[in-house]
Structures are given as structure tokens and as C-alpha cells.
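These notes concern the structure reproduced below.
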């Protein structure tokens, strides 16, 4: 069995460095930290990159605001997700992909829209039910943020009755609603993973 993975470093504050690998330097949210003057989207990406708990942060200029300064647009609610691949990177660290999505969508749609591997070897025509909930090939493990998902449907309960309680069908689980904000960690293809979570 591979090395245990520390969950606290994924999206929560931790005194030790995150155990999950940060995004690659070519990723759009890799940063070299420092300086104010970044927009709110960049701030969210920067906070996610460092594995810190998301907190409101913005640069404030002291003194009277200028007459022509535009007002800052209200940030739309969103859910930050970290998708963990079943395989480790060559250096032994987990392969993690970060996405931000609007609530109210099926987890399956969030993953497919974000180019996250959902079906593994079953990602071919007629090898999965394309979201019908009967084939069980879109199973994921919810490592963090299970409260963000809708309750299990009767279809899920039947298909997953012999599986761990943390496993869900991505085609049946809805991620919050349009006003939801929060963080989730999703293990892709849990039956194929070679590492274990240290809970």
C-alpha cells in the first residue's frame, strides 16, 4: 500500500506543508506570492494554491476614495473542488486537480466539464449508462465536504449498498445549490486508487 495522504493540507489550514502536490507551474493558478493589486479570482486561486482555509482578503487603500473609482463587483458563490487521481505522481505525491464550479449541478457534470477523469476504463460508448445511475461506473469517494452533496437517492442506495458510506455516484449527487459556497475533496475512481487516506 502506498503512503498515507494527509487530508488537513488539502484545503484546510495546517502548520505543516500540504501533503497534496500543488498545481504545476503552468497551471493558471500557480503563483509566486506577493503584492497586492490582484483581483478576487486571483486571490481565491492563490489561497487554494497554498492550501489555506479560504478567508476574505482584499487590498484597501487608505484615505478618501477617488471619485471615478469603480465599485468592486460582488463575488458570485462557488464551490472549490480538489479532485485526487487514483494514481500517484512519479515522486510519490498525489496527483490533484483543482476546479471551481457553481452549485446546483450534478457532480458528474462538474467533472466532465472540468476534464476530470470520471469513468476510467469505462469511458467508451456503451460501457457506462451516461448518467442513468444504473451502471455504477461513476463512483467517487467524498473525502471532505460530504455535507455539500444532496442526500443519496434510492438508486444510489441500491447500487452502493455493499460499498463504503463515503462513496457516491457522481451522476446522482448534486453539489449544493446556486447559492452554495464551500470546499470539497473528491477521490476519483476509488476502486483503482493505490494510496490510502489517513483519517
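The values are calculated or read from the model by the stated rules, or taken from the named source; none is laboratory data. It should be emphasised that the depicted structure is a prediction, and the values quoted were computed from it without experimental measurement. Cβ coordinates were reconstructed from backbone atoms using ideal geometry, including for glycine residues, and neighbour counts include every protein chain displayed.
Results, tabulated for the structure shown:
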| read-out | value |
| --- | --- |
| Residue count for the stretch 85-132, restricted to those that are part of a loop (DSSP other than H, G, I, E, B), crowded, with 18+ Cβ neighbours inside 10 Å and over 14 Å from the mean Cα position of the chain (by Cα) | 2 |
| Selection status of residue 140, crowded, with 20+ Cβ neighbours inside 10 Å, in contact with a helix residue (DSSP H, G or I) (Cβ under 6 Å, 6 or more places away or on another chain) and either at negative phi or at pLDDT 90 or above (or both) | no |
| Qualifying position, being in contact (Cβ under 8 Å) with a residue 24 or more places away in the chain, closer than 20 Å to residue 98 by Cα and over 15 Å from the mean Cα position of the chain (by Cα), among 178, 141 | 178 |
| Which listed residue, of 149, 160, 189, 169, is farther than 23 Å from residue 96 by Cα and in contact with a strand residue (DSSP E or B) (Cβ under 8 Å, 6 or more places away or on another chain) | 160 |
| The stretch 146-168: number of residues that are buried (at least 19 other Cβ atoms within 10 Å of the Cβ) and more than 19 Å from residue 132 (Cβ to Cβ) | 1 |
| Within the stretch 169-179, tally of residues that are over 17 Å from residue 114 (Cβ atoms) and either at pLDDT below 95 or surrounded by fewer than 23 Cβ atoms within 10 Å (Cβ to Cβ) (or both) | 3 |
| Hits in the stretch 172-186 (condition: touching a strand residue (DSSP E or B) at 6+ places or on another chain (Cβ under 7 Å) and part of a loop (DSSP other than H, G, I, E, B)) | 173, 176, 180, 181 |
